[in-house]
Each structure stands twice: as structure tokens, then as C-alpha cells.
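One structure, as C-alpha cells, below. Some questions next.
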Amino acid sequence: MQTSGWKKFFKLYTKEMWELRPEIFIVLAATLVIDILLYFKAQEFPALAVAPLMMILGLAAFLPFISSFKLLGREWNFNTVYLLLSLPVRGGSILGSKLLALLSQYIIGTVVVSAGGVILAFLLFPEPGLLETLRTLGIDTRIQTMLSSGLLFFLMTLAGMAYVICISFFSQLLGRLVKRFSSLVTAVVFVATFWLMGKAMNPLWQQLENYNQVHLNQYNFSLAALNQVLGISTLIMMAGAAIVFIAAVLVYNHKIEL
Amino acid sequence: MIEFKEVSKSFGSTVALDNVSILFPKGKIIGLFGPNGAGKSTSMKLIMGLNRCDQGEVWVDGQSPQNKKQDVAYLPEIDYLYPWMNIAQAADFIRTFYADWDEAKYRELVQYLNLREDMKISKISKGQRAKTKLLLTVSRRAPYLLMDEPLSGIDILTREEIINTLIKDYREGEQTIIISTHEIAEVESLVDEVIFLDRGQIRLGGNAEDLRVERNMSLVELMKEAFRNAD
Amino acid sequence: MEFNASQPIYKQIVDDFKKRLIRGELKEGDKIPSQREYAEKARINPNTVQRAYREMENMNMVETLRGQGTFISISEDKLEDIKMEMAVNLVDNFIKEMESLGYSAEAMLEILREEQSRRKEAVISDRV
């Protein structure tokens, strides 16, 4: 039986997704319960629905970060790191599959919560309907606008999530290099990496800010400019994530011991 | 062939291996004996690439252990399997990574060891877990088999089953088995070569039969003597 | 078969076959277990069994025919030699042990004779 790299990666990914089942289930269940509750209780004041929806959106967006500690930490706590480290795969696959699983968790959670919110909004807002209401507020509701900017915004948050998860991996792995005060080291490294990476990427953000001031202000707004800013932000965040990811993989491949 | 060249390894102030050179010949069953803390587990972890030496070198067929993981099957002393998996899932997970997985052998061994594929790792007894570890390790036709204390804390019937399984599936000449244990009497008739480790150093080593001819002693007695002389 | 862990196991395997040959339990042309069968049954390292079988082949006790198995193949003369060798070994051990206890050759013979006649009487009294 020949075993290809992709097959191994997919098997690792499946395993991680299995580990994330409870968290994904929590978000799905919370969405269902809250959406149903809101549908029956918020008929009178649809605006009241915003706060609870935001809360579960926050939950869906935040949980993957918490899970990133569980997903890696458990391997040590359950001694399964003995199995993991003896597999004929390198850190790239191990950490990559975990990252992909956490991003999947993020996507599933946020998409489900958002979709629930959108459906709820259409159901709750009576005539003339949600789109009309938005249009009267001066918001561009053409489908391509919503899709392009919405998607870009989503990608930007996804890249941000990847960035935070990579820093989480990196700091946890460094924490594992010491015998004692592992969690403390992890916490310190996490903050330090965040700060250092922020410093390093600062010139890029500064550039983007300058661009913003020229092309995106209250006098001058174009969709193209907005999309460009979103796109560039995504790229910067992805670059940051990639750098920290590579650092984490190097630590995993060359430093981690049992 | 596995080679240790002047290997030293410490964990903090604890010396696990102290300038040790060992040759593990190919195609033999090799017993790694010694009391707790002698450096047996560390030696295995070095071969598996789970530890790195502070000094010296470890070679597996002339290559770094990091690049030979596909040729080594490892049975650690601790429970290293995902507790939420059942036996079938664990087998399915491991099977994906190794070209040397032998499905027919796996099926046969599940039967032979009285295991069921739907048994959940976290729910089974200690003996069953030991057998599951054995099952998943020897279902591979790996050139190297590392077994760290496969018999410890296991009832006598299960021990027999484990030893029988090893003999039944052993491929003479092709397969190298390194088995660490402090229950030497159990594996007395199983090992070709022995290495006695104590506090990170080799006290005695060689071919088991030759040692018996030379010293007129069983391995258990040899170990006792080797350690008595060390003090 | 139980092994004595302080003696080389392969030697004990060979000796076991020798004894069974001398007692007539095994005869020319008899098939003996394959190395793997023997290893599994006796629960010993297959490499050790291989060593024992190789030794027996070299001593012209057995013959392995490809694809058929291993068979007893021994000449009458060879069998006599083995018998004698085992007897000499036993006697040699006996003499060494007795000498270490300080017995002279005459004293040993004396004891042997006495012991033999005692055994004969024991057999007769058993019958009566």
C-alpha cells in the first residue's frame, strides 16, 4: 500500500477535526437555540437580536483560538505526542493539519452564525424588508458588492485567525522546551511574539494607513479602494502568519524532545 | 544496524546515557536490561528520534533517526494512543502512515489476542491496552521494532500471549527487535543479544548463548553479578 | 521441554535430540518439527533454534530437504559415537564432582558397586 503525503495530511486533519467536534457542536447548538429563541421573542424589537447574535459570532470567532491550546497541549497531556513524533511526517504536516482544522472550525462557526443571522434578519424585518431598510440607510446592497467586500473582509479575519493560531503554536512549542514553568513561558512568548511581530509589520501597516487617508475618508470613498485595503491587510496578516508558522515548524522539527 | 557512537544524554542534572557506544546488529532480538533509570527508555527514544543526543551520534542504517522513522515501529512504555479512538480507528490512523502495514497480519492478530475492533482505548483493561499496543506495533513489517517494557504490569497469561506473538511473527534475519525490560527471566529464551545498562553505562553486553557458555550463568544471574561488581 | 537458563539453549536443544535418538524415540528418516514450529512450541528465539539445527546438520544428525522439512539422518556409527560421547560426558561430570569431594577412583568404584547392588535388592524387594 503506497501512502502519499496528501493522504497522511488528510488523515491528520481528520483526526484534528474529530478532536474539535465538541467545540463545533457547541457553536452549532448555541446558534440554533439562540436563533429559535430570537425568532419567537424578538418579533417586536428586531434590533434587540443584534446583541445575542454578536455574542455567538464572537464565540464562534474566539473558540478556535482557545482550541489551539487544547489541540496542541493535549498531545502532551495524553502522551499521544509519543505517537505523533514517531510518525514519519515532519512538523509542517503536523502543525499544518492542526492549523487547517482550527481554521475549518472558525469557518464553520462564523459561517453558520452569520447565515443564521441573515435568515433571522429576513424573517424578523417585515415589509419593506431588510434590503430596503439598508438601502434607505445609504448602504450599497448590490449582490456583487456584498459578496466581494464581505468575502474579502471574511478572508481578512481568517488570516488574522491564522496569525493568532500560529503565534499560539509557536509559544506553546517554546513552552514545551522547558521542563518547568511551561505555561508561564508560553504566556510570555505569546505576548512577546505578538509585540515583536507587530513591530516588524508596523511599516507595512503605516503604508496602508497612508493609503487609507488618501483614498478612504469621509470625502472620498470607493469600493475598489476598500477592497484593496481589505486585500492588502489580508496579505500582510498572511505573511505574518507564514513567518511565525515557519518558526514553529523549525522548533518542532529541530528542538522538540520528550 | 543501529549504532550509538559515544552518546551522552542528560535531562537537567540527571544523566541518562554517559558516553555510550553500542552496536545493535541486524536481524537479532536484543534485550536491553537494567534497573529503572538505567537509560533504556532514553536509548529507545534516541533511536526513534524522540530525543536528540547532547554528544555523540546515533545512526540507523547509516542515517539520522529523524529520516528513518518509517522503518522503525515503536512501542513506548506509556499509553500513547488517542484515548477516544477504538482499536479500528487507531489501526486506521497508523495504517495511513506506513507502507509496511500488513493488514492480513493485523486481522489475524486481533483474533489471536482476543481483541475486538470496536473496543475503545480509554475503556479497556491494562492488559488489553498492552495487547493493543503490541497489535499496532507488530502489524507493521518494520525492519526495526522497539519495545519499551512491553511486559511491565501485565498478568502472566497476557505476558505469554505477547511473547508468543513476538516469536510467531518474528522474521529471522530481516527483523531487528530491541526489547527493554527488567523482567529478564520472562525473555531469557527470547533474546539473541543482551546489553546490561546501569546508570547510563554499559555493564555487560554480548551474545546470550556465548555468555552462558563463558559464565555458566543465566541472564538473570549475569545481571545480578554485573551490578554487584559495579557497586 | 524446560530449559535451564544457565546453559546455552541451543546446546540443550541438540542434547534433547541426542537423548531421544539414543532412547529410540526418534529413528532414521523421522521428520522433526520445522524451526518455526519448534520455536513457537518451545517459546524460544527462532535464531537459537536455527543455530541448534545448523549444529545438528553439521554433526550429520539431521538433513534438511528443501520444501519438505528436516529429517533424522544418522548412521549407526554416528549414533554409537553420540551415545558414547554422552556417556563420557556424564561420567566426566561425575568424576569431577566426586574428586572435588575428595573421593579417589577406587572409592568411587566402591560406591558405584554398592549402590548398584542396593538398587538390585530394592528392585527384588519391590517385586516381593
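Taken together, the values in this text are just the output of simple stated rules run on the coordinates, not laboratory data. Given the structure is predicted, the values throughout are model-derived calculations rather than measurements. Note that we place each Cβ from the backbone using ideal geometry, even for glycine, and neighbour counts take in every protein chain shown.
About the Cα centre, and with charges only on the beta carbon of Lys, Arg (+1) and Asp, Glu (-1), how big is the dipole of segment B:114-231? Nearest 20 debye, please.
I would put it at about 660 debye.
Could you work out the relative contact order of segment B:2-230? I mean the mean sequence separation of Cα pairs under 8 Å and 6+ apart, divided by the number of residues, in percent.
28
Could I ask something else about it? All other residues with a Cβ under 9 Å from the Cβ of residue B:197 taken together, and with Lys, Arg as +1 and Asp, Glu as -1, what is their net charge?
So the surrounding residues net to +2.
Which of A:155, A:113, A:238 sits closest to the plus end of the dipole of chain A, meaning its Cα is farthest towards the positive end, when Lys and Arg get +1 and Asp and Glu get -1 on the C-beta?
With unit charges placed on the Cβ atoms, the residue in question is A:238.
How big is segment B:2-230 in terms of Cα radius of gyration and Dmax, in angstroms?
In order Rg, Dmax, the Cα atoms of segment B:2-230 give 17.4, 51 Å.
Something else about it: Order these peptides, A:48-57, C:85-94, B:157-166, by their mean beta-carbon neighbour count within 10 angstrom, highest first.
Ranked by mean Cβ neighbours within 10 Å, highest first: B:157-166, A:48-57, C:85-94.
Now for a different question. Amide H of residue B:29 versus every other amide H placed in the peptide plane: which residues, excluding those fewer than 5 positions away on the same chain, fall under 5 Å?
B:177, B:192, B:193
If you place +1 on the Cβ of every Lys and Arg and -1 on the Cβ of every Asp and Glu, how big does the dipole about the Cα centre of segment A:142-258 come out, in debye to the nearest 20?
Using only the charged Cβ atoms, the result is roughly 320 debye.
Also, quick follow-up: Search the structure for amide H atoms under 5 Å from the amide H of residue C:32, placed 1.01 Å from N in the peptide plane, and list their residues when 5 or more places away or on another chain.
Under 5 Å from the amide H of residue C:32: C:70, C:71, C:72.
Please list, in order along segment A:94-102, the HN-Hα scalar couplings obtained from phi with the Karplus expression 6.51 cos²θ - 1.76 cosθ + 1.60 (θ = phi - 60°), rounded to whole Hz, x for Gly and Pro.
4, 6, x, 5, 5, 4, 4, 5, 5
Taking amide hydrogens as modeled 1.01 Å from N in the peptide plane, which residues meet the under 5 Å criterion relative to residue A:216, leaving out close sequence neighbours?
Long-range HN contacts for residue A:216: none found.
I would also like to ask the following. What is the diffusion coefficient of chain C in µm²/s, taking the Kirkwood radius over Cα pairs and the Stokes-Einstein relation at 4 °C with a viscosity of 1.567 mPa s?
Here the translational diffusion coefficient equals 75 µm²/s.
So how many Å³ per residue does the convex hull of the Cα atoms of the protein assembly as shown work out to?
It comes to 227 Å³ per residue, whole-number rounded.
I'd like to know which of B:184, B:99, B:152 lies farthest towards the positive end of the charge dipole of segment B:82-197, counting +1 on Cβ of Lys and Arg and -1 on Cβ of Asp and Glu.
Among B:184, B:99, B:152, the one farthest towards the positive end of the dipole of segment B:82-197 is B:99.
Same structure, new question: Once a ≥ b ≥ c are taken as the square roots of the eigenvalues of the Cα gyration tensor of segment C:77-127, is the result rounded (a/c under 1.5), prolate (a/b larger than b/c) or oblate (a/b not larger than b/c)?
oblate
While we're here: I need the Kirkwood Rh of segment C:9-74: take the reciprocal of the average 1/r across all distinct C-alpha pairs and report it in angstrom.
11.8
Would you mind computing, in nm to one decimal, how far apart the modelled labels at residue B:66 and residue B:92 are, each placed 7 Å from Cα along Cα→Cβ?
3.3
Looking at A:125, A:88, A:186, which one has the Cα that reaches farthest to the positive end of the dipole of the protein assembly as shown (charges on Cβ: Lys, Arg +1; Asp, Glu -1)?
A:125
Around residue A:65, with a cut-off of 14 angstrom between Cβ atoms, what is the net charge of the other residues, counting Lys and Arg +1 and Asp and Glu -1?
Once all neighbours under 14 Å are counted, the net charge is +1.
Now a separate question. Rg over Rh of segment A:142-258, using C-alpha atoms and the Kirkwood radius, what does it come to?
Radius of gyration over Kirkwood radius for segment A:142-258 works out to 1.12.
Given +1 on the Cβ of Lys and Arg, -1 on the Cβ of Asp and Glu, and no further charges, what dipole in debye does chain B carry about its Cα centre, rounded to the nearest 20?
620
Per residue of B:188-196, what is the mean number of Cβ atoms on other protein chains within 10 angstrom of that residue's Cβ?
Counting other chains' Cβ atoms within 10 Å and averaging over B:188-196 gives 4.
What number comes out for the charge environment of residue B:109, summing +1 per Lys or Arg and -1 per Asp or Glu over other residues with Cβ under 13 Å away?
Neighbourhood net charge equals +2.
Let me ask something else. Can you give the calculated 222 nm mean residue ellipticity of chain A, where each DSSP H run of n ≥ 4 adds -39,500 (n - 2.57) and the sum is split over every residue, rounded to the nearest 500 deg cm²/dmol?
-29000 deg cm²/dmol
Starting at the first residue of segment A:245-258, write each ³J(HN,Hα) from the Karplus equation 6.51 cos²θ - 1.76 cosθ + 1.60 with θ = phi - 60°, in whole Hz, x for Gly and Pro.
These are the phi-based 3J(HN,Hα) values: 4, 4, 4, 5, 5, 4, 4, 4, 6, 10, 10, 5, 9, 10 Hz.
Right, next: Computed FRET efficiency, Cβ-Cβ of residue C:124 and residue C:86, R0 35 Å: what is it to the nearest 0.05?
About 0.75, to the nearest 0.05.
Under the definition of partner shielding as Cβ atoms of other protein chains within 10 Å of a residue Cβ, what is the mean value for peptide B:7-13?
Averaged over the peptide's residues, the number is 1.
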